[in-house]
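**Q** This is the structure I want to talk about, given as structure tokens.
The values are calculated or read from the model by the stated rules, or taken from the named source; none is laboratory data. As the structure is a prediction and not an experimental result, all values here were calculated from the model. Here the Cβ positions follow ideal geometry from the backbone for every residue, glycine too, while neighbour counts run over all protein chains shown. Ligands, DNA and RNA are excluded from the accessible area calculation, which covers all protein heavy atoms including side chains. Shrake-Rupley method; radii C 1.70, N 1.55, O 1.52, S 1.80 Å.
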Amino acid sequence: MSNVTIMDHPLIKHKIGYVRRKETGTKDFRQTISEIAMLICYEATRNLQLQDVDIETPIGPATVQELKGRKLCIVPILRAGLGMVDGMLTLIPTAKVGHIGLYRDPKTLEPVEYYCKLPPDCAEREVFLVDPMLATGGSISAALTMLKQRGCRKIHLMCILAATQGIERIQKDHPDVDIFVGAEDKELNDHAYIVPGLGDAGDRIFGTK
Ligand code: PRP
Ligand code: URA
């Protein structure tokens, strides 16, 4: 069963409360989603491996620790996942960025794939799949399958909000994927929106509604 980490940091709780507010406008919503992504990234990268390296400081020799091994790749699910990329790159600026285009058909709620462009060496990279919203889990489960079909093996998932149902779906479909979530909400409404949630993340990030 995959590992689920729900954030308990006060800064993340405060910022999630702010993006839930319906009066939070596009500029502040986008900025705060980016900040929350950066804070979740800090937790999601906690287990990256380190190696000892001998260096010279201006005063003398020292052994320091640097990130070891696998290189990193951030993969946002278009569109809303784009809102998490800048915050991630603030902490891991050398990561490559791939893109997966999926949208949820409003009638069937099934994910529709329209784009996939990943770094050519993505199979050798540790991947952070990012999407602010995990609702039914259909979109993210499909994106994880797309990554695995292209050889990715070590994958972490990062979401701002997740419904219990969506978490359970990913645990069932992809038990090998670690899940990092800003906050968990228990319910979905009749249109499969997270309740209380924050509305349509893509529309609020890009001001399209
Ligand atoms: C949203 C969200 C997820 C998906 C979650 O994207 O960003 O990708 O819905 O729903 P699910 O867990 O039930 O699949 P949306 O389809 O609205 O596309 P957008 O990002 O282009 O607005
Ligand atoms: N997608 C969103 O943007 N919000 C939800 O609550 C569910 C899916």
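**Q** Looking at residue 37 and the list (1) in contact with a helix residue (DSSP H, G or I) (Cβ under 9 Å, 6 or more places away or on another chain); (2) open to solvent by 80 Å² or more (accessible area, probe 1.4 Å); (3) within 19 Å of residue 194 (Cα to Cα), which single condition is not satisfied?
**A** The single condition residue 37 does not satisfy is (2).
**Q** Which one of the conditions (1) free of Cβ contacts under 8 Å to residues at least 60 places away in the same chain; (2) hydrophobic (A, V, I, L, M, F, W, C); (3) crowded, with 16+ Cβ neighbours inside 10 Å does residue 29 fail to meet, given that it meets all the rest?
**A** Every listed condition holds for residue 29 apart from (1).
**Q** When the residues of the range 126-166 are filtered to those that are part of a loop (DSSP other than H, G, I, E, B) and open to solvent by less than 10 Å² (accessible area, probe 1.4 Å), which remaining residue is farthest from ligand 2 (Cβ to nearest atom)?
**A** Among those residues, the one meeting the criterion is 152.
**Q** Can you tell me which of 69, 81, 87 is in contact with a His (Cβ under 9 Å, 6 or more places away or on another chain) and under 24 Å from residue 118 (Cα atoms)?
**A** The match here is 81.
**Q** Which one is nearest to ligand 2 (Cβ to nearest atom), of the residues in the range 184-209 that are open to solvent by 20 Å² or more (accessible area, probe 1.4 Å) and closer than 19 Å to residue 35 by Cβ?
**A** Across the range 184-209, the extreme among qualifying residues is 199.
**Q** With the requirement that a residue be closer than 19 Å to residue 181 by Cβ and either of a type outside the set (A, V, I, L, M, F, W, C) or in a loop (DSSP other than H, G, I, E, B) (or both), what does the range 72-91 give you?
**A** Within the range 72-91, 76, 81, 83, 87 meet the criteria.
**Q** Okay, moving on. Sort out which residues of the range 167-189 are free of Cβ contacts under 8 Å to residues at least 60 places away in the same chain and not in a strand (DSSP E or B), and write them in order of number.
**A** Once the filter is applied, which keeps residues that are free of Cβ contacts under 8 Å to residues at least 60 places away in the same chain and not in a strand (DSSP E or B), the range 167-189 yields 168, 169, 172, 173, 186, 189.
**Q** Continuing with this model, one more query. Does any residue of the range 54-73 turn out to be within 16 Å of ligand 1 (Cβ to nearest atom) and buried (at least 17 other Cβ atoms within 10 Å of the Cβ)?
**A** Looking through the range 54-73, none of the residues is within 16 Å of ligand 1 (Cβ to nearest atom) and buried (at least 17 other Cβ atoms within 10 Å of the Cβ).
**Q** A further question follows. Among the listed residues 200, 131, which satisfies the condition of being charged (D, E, K, R) and closer than 18 Å to residue 4 by Cβ?
**A** 131
**Q** When you scan the range 172-183, how many residues do you find that are over 23 Å from residue 17 (Cβ atoms), in contact with a strand residue (DSSP E or B) (Cβ under 7 Å, 6 or more places away or on another chain) and either within 11 Å of ligand 2 (Cβ to nearest atom) or not β-branched (Val, Ile, Thr) (or both)?
**A** Here the count works out to 1.
**Q** Scan the range 110-119 for residues that are closer than 12 Å to residue 142 by Cβ and either in contact (Cβ under 8 Å) with a residue 12 or more places away in the chain or surrounded by fewer than 11 Cβ atoms within 10 Å (Cβ to Cβ) (or both) and jot them down.
**A** The answer is 110, 111, 113, 114, 116.
**Q** Would you be able to tell me the number of residues in the range 137-151 that are within 16 Å of the chain's Cα centre (by Cα) and on the phi < 0 side of the Ramachandran plot?
**A** Number satisfying all stated conditions: 10.
**Q** Kindly list, by first and then second residue, each pair from a residue in the range 190-209 that is near ligand 1 (Cβ under 9 Å from one of its atoms) to a residue that is of a type in the set (Phe, Trp, Tyr) and open to solvent by less than 20 Å² (accessible area, probe 1.4 Å), limited to pairs with Cβ atoms under 8 Å and residues at least 6 apart or on different chains.
**A** As it stands, the answer is 205/29, since those pairs meet every condition given.
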